[in-house]
1. So which pairs qualify, if the first residue must be in the range 192-208 and farther than 17 Å from Glu236 by Cβ and charged (D, E, K, R), the second must be surrounded by 17 or more Cβ atoms within 10 Å (Cβ to Cβ) and at pLDDT 85 or above, the Cβ gap must be under 6 Å, and the two must be at least 6 apart or on different chains?
2. Could you look through the range 291-318, keep only residues that are hydroxyl-bearing (Ser, Thr, Tyr) and farther than 14 Å from Gln250 by Cα, and pick out the one that is nearest to the chain's Cα centre (by Cα)?
3. Going by what's in this entry, would Thr22 be described as part of a strand (DSSP E or B), open to solvent by 60 Å² or more (accessible area, probe 1.4 Å) and of a type in the set (Ser, Thr, Tyr)?
4. Output the residues belonging to the range 265-302 that are assigned to a loop (DSSP other than H, G, I, E, B), modelled with pLDDT under 90 and open to solvent by 40 Å² or more (accessible area, probe 1.4 Å).
5. Please work out if Gly229 is modelled with pLDDT of 85 or more, open to solvent by less than 30 Å² (accessible area, probe 1.4 Å), of a type in the set (Gly, Ala, Ser) and closer than 30 Å to Val179 by Cβ.
6. Counting only residues that are surrounded by 14 or more Cβ atoms within 10 Å (Cβ to Cβ), free of Cβ contacts under 8 Å to residues at least 40 places away in the same chain and in contact with a helix residue (DSSP H, G or I) (Cβ under 6 Å, 6 or more places away or on another chain), how many does the range 84-123 have?
7. Residues to consider are Gly219, Gly258; find the one that is at pLDDT below 75, exposed (fewer than 14 other Cβ atoms within 10 Å of the Cβ) and touching a Lys or Arg at 6+ places or on another chain (Cβ under 8 Å).
8. Just for the range 25-60: of the residues that are farther than 16 Å from Ile9 by Cα and hydrophobic (A, V, I, L, M, F, W, C), which one is most open to solvent (accessible area, probe 1.4 Å)?
Amino acid sequence: MGGAAPFAIDTKGAGTGGLGLTVEGPCEAKIECQDNGDGSCSVSFLPTEAGLYNINILFADRHIPGSPFKAAVRPAFDPSKVRAGGPGLERGRAGEAGAFAVDCSEAGEAELTIEIASESGVKAEVRVQDNGDGTYSITYTPRCHGNYTVTIKYGGVAVPRFPAHLQVEPHLDTSGVMVSGPGVEPRGVLREVTTHFVVDARSLGRPVGIKVMISNPSGATDAYVTDKGDGTFRVEYTAYEDEVDVGMDQEFTISSHGAGGQAKLDLKITSPSRRPIPCKLESGSANEVTTVKYIPPEEGPYRLDISYDGNPIPGSPFTVEGVMPPDPSKVSRPSLGPPDPPKVRRPSLGPPDLPKEDLARTRPR
């Protein structure tokens, strides 16, 4: 609407006869017809109101095939004049309705379409209410937290400032939840020794349940959660596997406390491809604790042979799995749940013929 609608009529080969043309519709439309002098003519009509128009074309007082033709005239629209705003475009929360408004009152008449989808393609439920005055009230409910993209189109054309990004927070504000205890300390935990940590969710202000998932290199590790009834939870688990990051500095300690004497400590590290791995041994101030440093160059199982005074210490040889380190560039946002489980330090005992035992611990960084 607002511009001429052109079409052409070709009468070549139709014989002799007069051409008749009328346009019927919601309003009287001005018709212009130009004879091209070759048996065809160029026609245009100018509708001033939207609606369905019938175009009657007669030749020798008879309708030509297809006549009357129907033409749906839509009002002109300008997507650049659409405005959207409201708190629902600034933030959102999973499982809760968000709201904003769209004003199309100065943009003409067209179809308004809205899509709100997460990075993984999950679409939020969107409800559009036509207020009858060119404005629309929009409500939506995102299923899960994360980064969403809001797309608003008018007449199939994106409106200004869209697509736009929207951050949807978890249903609960978990920023105040604290996790602490020996089971999550950076120095690691002992292999095959049950450890624990505490989840303090009292900041949420109401009773909640928690779900804990602890993974190891080959699968999942069972976690046992005890609800203390005061908003805190005790989580126990036992680690059974060691792992170290390939290409990263690694270290562990060997303690000979109680072993007696000044016997020689021997260490050999063998890579998955059966090549010897260079390592550095640093003695402590009391010469009873030795720190071992090395860098694993490839993925796979490493063999650690440790002997004292020529005798393998209990548990030797040890096996440590080399894995590729995580790639932070592929992380979309920090997790708000419990932290990743710590890596494992393997306990190893002193020489079997000695009266006292101690631990050799692996401590990946």
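1. What qualifies is Arg202/Gly231.
2. Residue satisfying both the conditions and the ranking: Ser316.
3. Numbers: part of a strand (DSSP E or B): yes; open to solvent by 60 Å² or more (accessible area, probe 1.4 Å): yes; of a type in the set (Ser, Thr, Tyr): yes.
So Thr22 fits the description; yes.
4. Of the range 265-302, the ones assigned to a loop (DSSP other than H, G, I, E, B) are 271-275, 277-278, 284-288, 295-299.
Now narrow it down to the ones that are modelled with pLDDT under 90: 284-288.
Hits for the range 265-302 are Ser285, Ala286, Asn287, Glu288.
5. On the way: modelled with pLDDT of 85 or more: yes; open to solvent by less than 30 Å² (accessible area, probe 1.4 Å): no; of a type in the set (Gly, Ala, Ser): yes; closer than 30 Å to Val179 by Cβ: yes.
No: the conditions fail for Gly229.
6. The total comes to 1.
7. Gly258
8. Step one: filter the range 25-60 for residues farther than 16 Å from Ile9 by Cα, giving 25-30, 46-53.
Subsequent filtering for residues that are hydrophobic (A, V, I, L, M, F, W, C) retains 27, 29, 46, 50, 52.
On the way: Cys27: 21, Ala29: 11, Leu46: 70, Ala50: 46, Leu52: 102 Å².
Checking each candidate, the answer is Leu52.
The values are calculated or read from the model by the stated rules, or taken from the named source; none is laboratory data. A quick note: this is a predicted structure, and the numbers were derived from the prediction, not measured. In this analysis, Cβ positions are derived from the backbone assuming ideal geometry, glycine residues included, and neighbour counts consider all displayed protein chains. In case anyone asks, the SASA skips ligands and DNA or RNA and just uses the protein heavy atoms, side chains included. Shrake-Rupley method; radii C 1.70, N 1.55, O 1.52, S 1.80 Å.
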